[in-house]
Amino acid sequence: MEQNRRIFGYTPGGAEVEELTLRDGALACQILTYGGAVRSLVVPGRDGNPVDVALGFGALEDYMSQDKYMGAVVGRYANRIGGARFTLNGMEYRLAANDGPNSLHGGRAGFDKQVWSVSELSKNRVTLSLDSPGGQEGYPGPLTVRVTYTLARGALSIGYWAGHTGDTVFNPSNHTYFNLSGHDSGGVEGQYIKLYASRYTPTRPGSIPTGEIAPVDGTPMDLRTAQPIGARIGDPFGQLTLAGGYDHNWVIDGWDRALRPAALAWSPETGISMEVSTTLPGVQFYTGNYLDGCPVGKGGAVYAARCGFCLETQFFPDTPNQPSFPSCVLRAGEDYNSRTVYRFGTLPDAGQL
């Protein structure tokens, strides 16, 4: 077995799960074949010392028992589909309802619970592959999926590809929880966030979009200027109250399917900055409001509420039921391609954001 791969564990059914380590200069990243999960992501802080900025667990059993989608590829459809059903080409498809009456992140056994195959591996790049049979979790058509992780030039890039022979809906994403002060450093409320988005999609109870695309002006959802995550998270604003904090989709300004900036985050403690760019139209900023109850993390770290934040690039939630949203339909014979880049650096103070 190559130096950058090792056996991480075995599923109850005997399937082997590997841990794959990518390196590029001072950066290192560990990817699991279980769920395609980012288990660690080590980048240098302002003092040059390595900092692991991704939450993760020490054992496969912990990944299998948790329900936080820790670091995983989520799909076929990231985020929620209202009523766990949608209509495509005049036919209704019923999905697994695993979030109240709704379907979340692909259902009860989505991509995050599959063992992926390694189809390509080098020092700084790995491609994982998965065949999703027709009808899996209720989705139409067989689907072949590839996710490529590349660590290069100070960034982790995640590329998604899929192909199939029948019409379907498709919306994969990555669910890494970031803490730019270190995965074991506690709450992220003092870290800064900036979103390149002047609109968002409000939700009703159950976190299903109302269908409105609303301006952020004059609300705590206005994160166009960098500010501490905790600055307004407790404001008496209906959307924040419903979600217990930030857990919403923002509409990226100027979306044209090219790689565009979506978000910028920064830690005053380590000086680490992370800029997120994507080819997708939306980004879900989630502040880990329900991280309580996790297994113990790497090195005995305790992950409580708001100990990490997610920036999930995506098509909008419930898009299959919202005709005014950008379409997530993948037609027969078409290939799906998207890319998200997490670029790391250091900044001396918040004035540079």
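See the values below:
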{"read-out": "Percentage relative contact order, segment 129-277, counting C-alpha pairs under 8 Å, at least six apart", "value": "20"}
{"read-out": "Charge dipole of the chain about the Cα centre (unit charges at C-beta), most positive-ward option of Pro101, Val276, Ile193", "value": "Val276"}
{"read-out": "Estimated inter-spin distance, Ser122 and Glu334, nm [label 7 Å along Cα→Cβ]", "value": "3.1"}
{"read-out": "Gaussian network model of the chain, Cα within-10 Å springs - most flexible of Asn179, Asn79, Asn321", "value": "Asn321"}
{"read-out": "Lys, Arg +1 and Asp, Glu -1 on Cβ, resulting dipole of the chain about Cα centre, debye, nearest 20", "value": "380"}
{"read-out": "Order by protection proxy (mean Cβ within 10 Å, highest first), peptides 185-197, 111-123", "value": "185-197, 111-123"}
{"read-out": "Net length gained if the chain between Thr144 and Leu259 were fully extended (0.36 nm per residue, minus Cα distance)", "value": "39.0 nm"}
{"read-out": "Computed over segment 5-352: relative contact order in percent, which uses C-alpha pairs under 8 Å that are six or more apart", "value": "18"}
{"read-out": "Neighbourhood charge, 14 Å Cβ-Cβ cut-off, centred on Leu60 and excluding it, Lys, Arg +1 and Asp, Glu -1", "value": "-2"}
{"read-out": "Inter-part distance where segment 69-101 and segment 290-308 are each reduced to a Cα centre, Å", "value": "26"}
{"read-out": "Inter-site label distance for Val296 and Gln352 at 7 Å from Cα along Cβ, in nm", "value": "3.7"}
{"read-out": "Trypsin sites (Lys or Arg not before Pro) within segment 18-49: DSSP coil, no more than 10 neighbouring Cβ in 10 Å", "value": "none"}
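The numbers here are math on the coordinates, done by the rules we state, and not lab data. Values in this document were obtained by computation on a predicted structure and should not be read as measured data. All Cβ positions, glycine included, derive from the backbone under ideal geometry; neighbour counts span all protein chains shown.
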